[in-house]
Structure formats: structure tokens, C-alpha cells
Amino acid sequence: MTSHIADVLIPLALDTAYSYAVPDGLDLKEGDVVQVPLASREVVGVVWGLRSGQGGNLKKVTGVVDAPNLSAKMRKFLDWIAWYTLAPKGSALAMGLKLVDAERAEVVRVGVRLAGQLPKRMTPARQKVIEAAQDGVVRLKSELAHAAGVSAGVVDGLIDEGTLETVTLLQEPVAEAPNPDSGSAALSDGQQAAALELIASMAEEHPPVTLLEGVTGSGKTEVYFEAVAQAVRDGRQALILMPEIALTTQFLDRFAARFGVKPATWHSGVTGRKRERLYAAIASGEVRVVAGARSALFLPYADLGLIVVDEEHETAYKQDDGVHYHARDMAVVRGRIENASVVLASATPSIESRVNVQRGRYRHVQLPERFGGRQMPQIRAVDLRRETIPKGRWLSPTLNLSIEDTLGRGEQVLLFLNRRGYAPLTLCRACAHRYECPNCSAWLVEHRFRRSLVCHHCGHVERTPQACISCGSIDSLVPCGPGVERIAEEVAEIFPDKRCVVLSSDMLGGTERLRTELAAIADGAFDIVIGTQLVAKGHNFPLMTLVGVLDADIGLTSGDPRAAERTFQMLQQVTGRAGRGEKPGRALVQTWQPDHPVIAALVSGDAERFYEEETRVREIAGLPPFGRLASLIVSAAEREAAEAHARAMALVAQPPAGVTVLGPAEAPLALIRGRYRFRLLVKTEREVDLQAYLRDWLGRCPKVRGNARVAIDVDPQSF
Ligand code: ADP
Ligand code: ZN
Ligand code: ZN
């Protein structure tokens, strides 16, 4: 007799689905969430396949879990991710499967309370439930069972006997329906044309990917809102991915102005019941628009019609632990699988996306001017070789004059330095000891507000010592170089009666405080804002007319081939904060190398030339997107173990034509969190099936031993 066998994928680091027998009478569909035995435990998994066969000696599926079914499209997407990133399939599933307590997630919930009828048969368990319900409060079944310390079945029994009665609990909907025809903005002609193009492409049989490129302040948001409105009108769902969703109060308000309500948001700060209800409501299609961090890409949308990737060039889209993926690239894949349009928006697109436009793979929609006739800021380089700056100071006389001038007119100044804390390096004047992290090959950064030395890689914190830990000298420690806190000190000395605020991701008070401060800046509560890249992106500060970049050269000197592109994007974004309101803006960029192509392009405003040159450099070097790249990091608690395993891997690499394997060499950060790291780089021609080669090679590698690990990063963002 044939019976059914279910191949169940379990959300753990496992590469294959396990087979289980389906008990008679259990009606299973592919995508169902089920409970199965694994070793001596019961775990939850998803039915990845069903087939007929002899399941005689297989363990049995225990039961079906009341959770949203994972659609065929969703399963295909997760399979694809696992294939592309070489992550175990189960790890990909773990990103897409959230276990939802169906009762807690339900939008209309049923509560229970005491009705008065005594049960025919009294048991100690029933007695406990009745006692717990004595106060007459309406509770969910699960809550009452929990309060009484019994199983939900006991509560069910008491409902059957009329001891408890059920009450419908109405609760607010998870998210109200956005109205696509509420407050439509009057679009400029250019915006209108761009919006129509996006909308038209959504109706195509195979909706395309479109790069929406527009200078800072051109109103890209208003344009893609029209595409979102269309998705809603079509009865489909829209996802807007953002790099810093937790800080986007302004964005949520703008959305509300356009659609009447705020969108549902999804990020790591959304927890508990809210998270469960959202997950269920996204799966049922009730939630129509989601604005979220990269993890929102893995939600089980019922019918996704549009994905917008805002600030598509942002590095925050890359996940660098667990499954290494780039949310922009995976959004394109998900869009294809779901038959959804994908819009990549940026003022400074990635070279990858620009090349995809040139290759005809992506459409291109451009907004070359700022909205409302506003001018782009005037950008000037301040040549630090020609400025006289006292030791221990970082603001040049030229910049100081401009600040004074701007403040004199009652306007706002942003001083940008992409360095958190007070000083990036601390050393002892007496013995030259440099304070280094015990777990990482990195300096400890002084944070003066917190009176500590902090490692930005592993979070190690120690009190700033009174006496040198190496030689015991008192008061011999010298902070070297500036961080934003140190700039704040300098600003307070020069402009003592101005209102000044420092913004960085490690600010006391966390996200909530940051949001408040960002709103306060927009309202004009501060004269001078000193910030890291956190303030560089996306925000609209209408009163800000001067941006001072304190050290434009940070980042340019790193060995990373993407350094120039990244720095250019960052400087474009931050200088783009100036002059977004009524008054025109200026930016002063302090640099030691005013002739560097990045600085020259920024000052001349000739982004095109910079991109062309940078693209040519990549092409000559065979770097992405003209060649393919993967990085394999071998790490272990002992340096020798890591190196030995990396060497053993290199020995069996046997790269075929078109593939080069470089290394092993010490990784750029040779020690992180107490683990030594060696790196192998795989570089291939564009036509080579990189994944196939990697699988083949890894299949020949010796097994890792002890605590050694190999982390695979396809398309590494820094290398
Ligand atoms: P970008 O994202 O391209 O930098 P935004 O979408 O933030 O630009 O728009 C810049 C500013 O212009 C915002 O303050 C926005 O409210 C305003 N704006 C853009 N388009 C319009 C429009 N059609 N009507 C009114 N204001 C607009
Ligand atoms: Zn010392
Ligand atoms: Zn560290």
C-alpha cells in the first residue's frame, strides 16, 4: 500500500528537508507548517514536498501547526536564496518563518470569562481555572490557561460545560487601509512623467526593475508613492524597503499625508503580539503597505505587486552574518518570482544598478532637478594644506567664517564627521602604549560622555583608566584624532551661546531619543548639528543651509576597491542636506587631497564623469559587476587552526579556466571577537557559474575541525 511522505524543512542550519510519514487522515498541503520529531525533540518545520511512497520506517508528522501556509512563490524565493548564497536551506527558511500563535495573532479574538454554571465533574485542574477566572476579567483562552497553570484543553472543557462563556474581543486593526486617492500631491511635470512611467510598467506582463534616479530633494518619494497607490488600487500589496526604518518618522508622516494613514512598519524593534499580528495580517493580505528594514523582504505576502528599495546604494542592505545576502539584489529576485515591479530609488545609485541600466536589464527613470526650483547646494573644497589650524582643533578658519555667517542669518549648520565617540585612538605619552581591544585587531575608541573606551567591532567596554595600564603613569593618556564628541567640545568653545546637538548611533537614549532630536532639528531647536552618517541620509531639515564635512578623506585611504564609490555616495548624501528649504545651501568639504577624483567630482557636480571613470576601473580590474566575487572567511579561536584550515582548502581549490582563487591571507580585520580570520577570495569571469564552482570546491574540502568555521559571502560588499 502506498502512503504519503512529507519532506519537511526545519528552520535550523540544515541543508536538506527530512522525510516523515504522513499519518492516515492528516490532510497536508505543501507549505503547511507542521510539528515533527527531530532526535528527541519536537520541532516545527514546513512541508517542502509531498510524495507517495513507503513511509514504513519513517517517523511520523506529529500534527499541523495553525500558522500561515508558506506559498509556493515564497518557498521558491527561499530556495533561490539558499542556492545563491550557499547558506543551508533551513537557515534561509529561518528568515522567512515566524512562529505565530494563531490565537494571539487573530484580528478578532475570542476571550473567555466565568459564566457561573458549575461543571458536572470537578477536577483539580478545573478548580484552578475557576479560581483564576474568579475576578471576572475577559482573557484569551491561552492567557487563562497560562494563569491557571493548565493546558488549553481544560479551558475548552469548561466552555463545553457552560462554566466559561466566550466573548468576542474587538481590537484595533493591525494597520488601517491606506487610501490611494487621499491627499495626492500636485506633482511637477517631471515628477508626473516619472510616476506615469512607473505606473505603466506595473501593468506589463513581466513587470520590470526600474532605477529611479533623482538628485537629493528631487522628490523621488512623491513619485514612488504614486506607484504604491497604484498597487493598492490594483488590490495588491506594496513593500517599501528602507535602510534606517526605525528613524523615519518624517517618512511615516509624509506617507500619512499622502495615504491618510501610516504604513505598517516591520523591523527588529517591532516585537511581541504586534509582530505576530502583523505577520498574520501580511500573510492574509489584510495589510496592504509595509515599510520595513531588509528583513521585511522575507515576509509571506499574499500578493506582492510592488517593491521599492529606497536609497538602493546603501550598505545597510547587506546582511553580513548568518545568511549573507544583499536585500536590494534579493528584492529583484523576489519581484521576478512574485511578478511584482521593483523600483530602486537613489540620488547616488550603485555602480551595479547603473551597469544593469546600461545592459538593458533595468529601466531608467530620472529626476534631474530639485523640486520647486530649489538649487543644488554650492560645494567647495577647503584645502587643509593651506589652512592654519591649531593642534587639537579640526575646524578650519574658512569653515568657521562660514558657520558664523550662517548662524548670523539665523540658519542651521550641519557638521559631519563619520566617527563616533571622542577620539579613535588613545595612547600613553609616557610609554607609547596604544589601547587596543583584547578580542579584536582594532583600537579602542574613547567615549567621553560614557567615560569609557569602546571597541566598535565587538562592543567590549572598559572604564577609561586614571593611570596607564601598561606603565602606571598618571594623567599620561592622550586622545588622538577627533570623533563627533570632540568636535562638539571645539564648537562649544568657539560658539559658546549656540544650541548644539551631537547625533550618532550610540547616543544615550537610543532610537527614541534620536527620533525626538531629529524632529527637534527639523523644527529649528538647534543651531549646530554635529553628526555621523546617521544624519547624512534622507532627512529633510528645512532650515539647514550649511554643511561642513570635517574630513572628506576618511574612507578614501582604505584598500577596499569600493572605497571611492562609497565615499562619493556618502558625501553627495550629506552635502545634499543643505538648502532643501526656502533658502539656498552651501557645503564646505575639508580635505587634504582636493584633486582626488571623488572630491573633484563632488565639487564640480559632475557625477556622471566620476561614475564613468569608476566603472571603467572596475571593468579593467574584472571586479563586480564585470566579474564575480566571493569571499570565504575561515575563523577559529587559535590562529594556527584558522590558517591551517584555510591552507587545506586552498590546496584542493583546483580553479578551472575563468576562476582565480586568491589567498589565504589574513582578513582585513584579522581578529574579531576573539576569533582569528583568514580569507580566500574567489574571482571569476562574469559567465562562470560561481555557485556551482563553490559547491564543487567545498565538496572537496576537508571537514572543519574543532571550533573552526567557514563563512561564505557571495558578492561581498567590502573586500
Ligand atoms: P528626495 O527623496 O528625492 O531627496 P524628497 O522626496 O524627500 O526628495 O522631496 C524633497 C522635498 O520636496 C520634500 O520636502 C518634499 O515634501 C518636497 N516635495 C517633493 N515633491 C513635492 C510635490 N510634488 N509637492 C510638494 N512638495 C514636494
Ligand atoms: Zn603608559
Ligand atoms: Zn573588540
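Being within 16 Å of ligand 3 (Cβ to nearest atom) and either among the hydrophobic types (A, V, I, L, M, F, W, C) or not assigned by the TED database to the domain that holds Leu247 (or both) is not true of Asp497.
At least 1 residues being among the acidic types (Asp, Glu), assigned by the TED database to the domain that holds Leu212 and away from ligand 2 (no atom under 16 Å from the Cβ) is the threshold, and among the strands (runs of 3 or more DSSP E) wholly inside the range 297-395 those reaching it are 304-310. Which pairs do you get when a residue that is of a type in the set (Val, Ile, Thr), found in the range 661-677, comes within reach of a residue that is modelled with pLDDT under 95, reach meaning Cβ atoms under 7 angstrom, with the pair 6+ apart or on two chains? Listed by first residue and then by second, the contacts come to Ile672/His457; Ile672/Cys458.
Looking at the structure I just gave you, is Thr249 crowded, with 21+ Cβ neighbours inside 10 Å and among the polar types (S, T, N, Q)?
Values: crowded, with 21+ Cβ neighbours inside 10 Å: no; among the polar types (S, T, N, Q): yes.
For Thr249, the condition - crowded, with 21+ Cβ neighbours inside 10 Å and among the polar types (S, T, N, Q) - is not met.
Just a yes or no: is a residue in the range 181-203 within 13 Å of ligand 1 (Cβ to nearest atom), assigned to a loop (DSSP other than H, G, I, E, B) and surrounded by 23 or more Cβ atoms within 10 Å (Cβ to Cβ)? Give the steps one after another, and end with the answer.
Within the range 181-203, the subset within 13 Å of ligand 1 (Cβ to nearest atom) is 183-195.
Imposing the further condition that a residue be assigned to a loop (DSSP other than H, G, I, E, B) reduces the set to 183-188.
Still in the running and surrounded by 23 or more Cβ atoms within 10 Å (Cβ to Cβ): none.
Taking every residue of the range 181-203 in turn, none turns out to be within 13 Å of ligand 1 (Cβ to nearest atom), assigned to a loop (DSSP other than H, G, I, E, B) and surrounded by 23 or more Cβ atoms within 10 Å (Cβ to Cβ).
Residues of the range 403-423 that are among the basic types (Lys, Arg) and surrounded by 19 or more Cβ atoms within 10 Å (Cβ to Cβ): Arg419, Arg420. Collect the residues in the range 216-241 that are outside any helix (DSSP H, G or I) and within 11 Å of ligand 1 (Cβ to nearest atom), keeping them in residue-number order. Of everything in the range 216-241, those that are outside any helix (DSSP H, G or I) and within 11 Å of ligand 1 (Cβ to nearest atom) turn out to be Thr216, Gly217, Ser218, Gly219.
I need the full set of residues from the range 424-464 which are assigned to a loop (DSSP other than H, G, I, E, B), within 16 Å of ligand 2 (Cβ to nearest atom) and surrounded by 15 or more Cβ atoms within 10 Å (Cβ to Cβ), in order please. Full working, then the answer.
Initially, the range 424-464 is screened for residues assigned to a loop (DSSP other than H, G, I, E, B), giving 424, 429-433, 435, 437-442, 444, 448-451, 455-460, 464.
When the remaining residues are screened for being within 16 Å of ligand 2 (Cβ to nearest atom), the result is 429-433, 435, 444, 464.
Matches in the range 424-464: Ala430, His433, Tyr435, Leu444, Thr464.
Residues in the range 20-49 that are over 33 Å from the mean Cα position of the chain (by Cα) and surrounded by 16 or more Cβ atoms within 10 Å (Cβ to Cβ): Tyr20, Ala21, Val22, Leu26, Leu28.
Within the range 553-625, considering only helices (runs of 4 or more DSSP H) that don't extend past its boundaries, which have at least 1 residues that are crowded, with 16+ Cβ neighbours inside 10 Å and touching a Ser or Thr at 6+ places or on another chain (Cβ under 7 Å)? Let's see the steps before the verdict.
Values: elements: 563-575, 597-604, 607-621.
In the range 553-625, the matching helices (runs of 4 or more DSSP H) lie at 563-575, 597-604.
If you go through the range 32-54 one residue at a time, do you hit one that is within 30 Å of Arg328 (Cα to Cα), in a helix (DSSP H, G or I) and among the charged types (D, E, K, R)? Checking the range 32-54: not a single residue is within 30 Å of Arg328 (Cα to Cα), in a helix (DSSP H, G or I) and among the charged types (D, E, K, R). Take the residues in the range 256-268 that are in contact (Cβ under 8 Å) with a residue 60 or more places away in the chain and assigned to a helix (DSSP H, G or I); name whichever of them is surrounded by the fewest Cβ atoms within 10 Å (Cβ to Cβ). So, considering only residues that are in contact (Cβ under 8 Å) with a residue 60 or more places away in the chain and assigned to a helix (DSSP H, G or I), the one surrounded by the fewest Cβ atoms within 10 Å (Cβ to Cβ) is Ala257.
Is it true that some residue in the range 390-403 is in contact with a Gly (Cβ under 6 Å, 6 or more places away or on another chain) and either within 16 Å of ligand 3 (Cβ to nearest atom) or not acidic (Asp, Glu) (or both)? Lay out the reasoning, then the answer.
Taking the range 390-403 first, the residues in contact with a Gly (Cβ under 6 Å, 6 or more places away or on another chain) are 399.
Of the ones still in play, those that are also either within 16 Å of ligand 3 (Cβ to nearest atom) or not acidic (Asp, Glu) (or both) are 399.
Checked the range 390-403: at least one residue is in contact with a Gly (Cβ under 6 Å, 6 or more places away or on another chain) and either within 16 Å of ligand 3 (Cβ to nearest atom) or not acidic (Asp, Glu) (or both).
Matching residues to (1) within 13 Å of ligand 3 (Cβ to nearest atom); (2) in the same structural domain as Asp551 (by the TED database); (3) in contact with a helix residue (DSSP H, G or I) (Cβ under 6 Å, 6 or more places away or on another chain); (4) more than 24 Å from Ala552 (Cα to Cα):
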| position | (1), (2), (3), (4) |
| --- | --- |
| Leu407 | no, yes, no, no |
| Phe416 | no, yes, yes, no |
| Arg429 | no, no, no, yes |
| Arg434 | no, no, no, yes |
| Cys437 | yes, no, no, yes |
| Ser441 | yes, no, no, yes |
| Val445 | yes, no, no, no |
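With the requirement that a residue be among the charged types (D, E, K, R) and within 25 Å of the chain's Cα centre (by Cα), what does the range 670-692 give you?
First, the residues of the range 670-692 that are among the charged types (D, E, K, R): 673, 675, 677, 679, 683, 685-687, 689.
Those that are among the charged types (D, E, K, R) and within 25 Å of the chain's Cα centre (by Cα): Arg673, Arg675, Arg677, Arg679.
Among the residues of the range 465-510, write down those that are within 16 Å of Asn418 (Cβ to Cβ) and in a loop (DSSP other than H, G, I, E, B). Even if it seems obvious, please write down each step before you answer.
Residues of the range 465-510 within 16 Å of Asn418 (Cβ to Cβ): 481-488, 502-507.
Across the range 465-510, the qualifying residues are Gly481, Pro482, Gly483, Ser504, Ser505, Asp506, Met507.
Listed by position, the helices (runs of 4 or more DSSP H) inside the range 69-118 whose residues that are at pLDDT 95 or above number at least 1 are 72-85, 89-96.
The values are calculated or read from the model by the stated rules, or taken from the named source; none is laboratory data. Just so it is clear, the model here is predicted, and its values are computed rather than measured. All Cβ positions, even for glycine, are placed from backbone atoms using ideal geometry, and neighbour counts span all protein chains on display.
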